[in-house]
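Notes to accompany the following structure.
Each reported figure results from applying straightforward, stated rules to the coordinates on display, with no laboratory input. For clarity, every value in this text was computed on a predicted model and none was experimentally measured. FYI the Cβ positions are ideal-geometry reconstructions off the backbone, even for glycines, and counts take in every protein chain you see.
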Amino acid sequence: MDDKELLEKLRNPDTRNYGFNLLVRAYQQRIYRIARKMVVDHDDADDVTQEVFIKVHKAIDHFREDASLYTWIYRIATNECLTFLTRKRRRFFLPLEDIAGELSARIDAIPGPSGDEIQKKLQKALLTLPDKQRLVFNLKYYEDMPYEQMAEVTGTSEGALKASYHHAVKKIEDFMKND
Amino acid sequence: MKRLEDIPKKDIFEAPEGYFDRLPSVIQSRVTTESSRWTLFAQPVWKYALSLAFLAAGLYWFMLRPATKSPEQMLASVDTASLIAYLNESDMSTEELMESVPLDNKDVDEIHAGSLQNLLPDDSILMELESDIEFEN
């Protein structure tokens, strides 16, 4: 079922619940994936994912189709991830480094084969980036999102996103080389 | 390993087993709960109930608030001993006190009579004085 059909079901009061259920099933894995990479912990990613869909449900009547449903949901998801991290930092009065340290310890605790060590190192390198740059990197590297769509999701120009991504890659490679 | 492209692209973050089977119903139940809560509060009866509650709270506050006492009532609630102690310790003169208290002519006459009476020594002293005078003579 494409987004157009989903929207039709969501806007019809008789099929609204069914439509919303289909939407959750269609997007839940992608939204969880984005959230998990940003907040690292499963429980936090679960909170963020649920919150994204609650907001989608509340705001679906105001969705004017200026962007695609996919872009609109991703925009809500990325905002929710950044807000979650900011709130977490404020709640515990933590600076950026301390959050990175805490998340880094959680990455170490992830079970996996020994070959995943390089992946864990990459994730730790990502934690050295500012939240927004990490988000840009994740959308491009893991989600293969085109810059044009990323610009719509993040509200940033394509040029700025390209520069941000290349800086992120450089920082990650430096971290992998030196650490 | 120096370059990002040399690292195989892999997602190490996995959701617990069955998580995506359960999530839609968890979200659906949250949505239903929140919707029903808002629907309930959106009922017209709630508007009236809230208005009535505010009105009742206002009336309760108005009727049961402690009544403001007049200065005379407040003064009447202080016992005489405390009043005398206060007036003795204060710098207020008798004239100032009399100016601040509304007195009629009768009150003033009584105060003066009392004052003169207080100035006179009692009878035993007077008799002693008289006998002393007689003795000297």
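Whole-Hz Karplus ³J(HN,Hα) for the range B:5-16, in order, using 6.51 cos²θ - 1.76 cosθ + 1.60 and θ = phi - 60°, x for Gly and Pro?
5, 7, 8, x, 7, 8, 9, 8, 8, 10, 7, x
For residue A:132 and residue A:8, calculate 0.36 nm times their separation in residues minus their Cα-Cα distance, and state this gained length in nm to one decimal. Walk me through the numbers before you get to the answer.
Working: separation 124, 0.36 × 124 = 44.64 nm, distance 3.35 nm.
Extra length available between residue A:132 and residue A:8 comes to 41.3 nm.
Of all the Cα-Cα pairs you can form in chain A, what percent are over 21 Å apart?
So the portion of pairs separated by more than 21 Å is 53 percent.
Angle between the Cα long axis of helix A:158-178 and the longest principal axis of chain A, 0 to 90 degrees, nearest 10?
Taking the Cα atoms of chain A, the angle to A:158-178 is about 30 degrees.
Hey, what does the equivalent ellipsoid look like for the range A:108-179, semi-axes from the Cα gyration tensor as sqrt of 5 times each eigenvalue, largest first, whole Å?
Whole-Å semi-axes of the equivalent ellipsoid: 25, 14, 9.
Mean-square fluctuation check for chain A, GNM, Cα pairs under 10 Å: which of A:51, A:148, A:117 is largest?
Highest fluctuation among the options: A:117.
Under 8 Å for C-alpha pairs, at least 6 residues apart: give me the relative contact order for the range A:14-132, rounded to a whole percent.
Across the range A:14-132, relative contact order equals 26 percent.
What ³J(HN,Hα) values, in whole Hz, does the Karplus curve 6.51 cos²θ - 1.76 cosθ + 1.60 give for the range A:8-14 when θ = phi - 60°, with x put for Gly and Pro?
Working through the residues one at a time gives 4, 5, 5, 8, 8, x, 6 Hz.
Normalise the Debye intensity by I(0) for the range A:1-93, one equal point scatterer per Cα, no solvent, then take log10 at q = 0.16, 0.17, 0.20, 0.24 Å⁻¹ and round to two decimals.
Here log10 of I(q) over I(0) equals -0.64, -0.71, -0.92, -1.21.
For residue B:22 and residue A:89, what does the FRET efficiency come to when R0 = 25 Å and r is the distance between their Cβ atoms, rounded to the nearest 0.05?
Details: r = 30 Å, r/R0 = 1.19.
Plugging the Cβ-Cβ distance into 1/(1 + (r/R0)^6) gives 0.25.
Just to confirm the number: angle between the C-alpha axis of helix A:69-91 and the first principal axis of chain A, 0 to 90 degrees, nearest 10?
Once rounded, one gets 50 degrees.
Too long at a 30 Å Cα-Cα cut-off: which of A:58/A:120; A:171/B:10; A:58/A:170; A:88/B:10; A:58/B:10; A:9/A:120? It would help to have the intermediate numbers written out before the result.
Numbers: A:58/A:120 37 Å; A:171/B:10 19 Å; A:58/A:170 40 Å; A:88/B:10 27 Å; A:58/B:10 34 Å; A:9/A:120 41 Å.
The pairs that break the limit, which is 30 Å between Cα atoms, are A:58/A:120; A:58/A:170; A:58/B:10; A:9/A:120.
Listed highest first by mean packing, meaning other Cβ atoms within 10 Å per residue, what order do A:52-61, B:13-22 come in?
A:52-61, B:13-22
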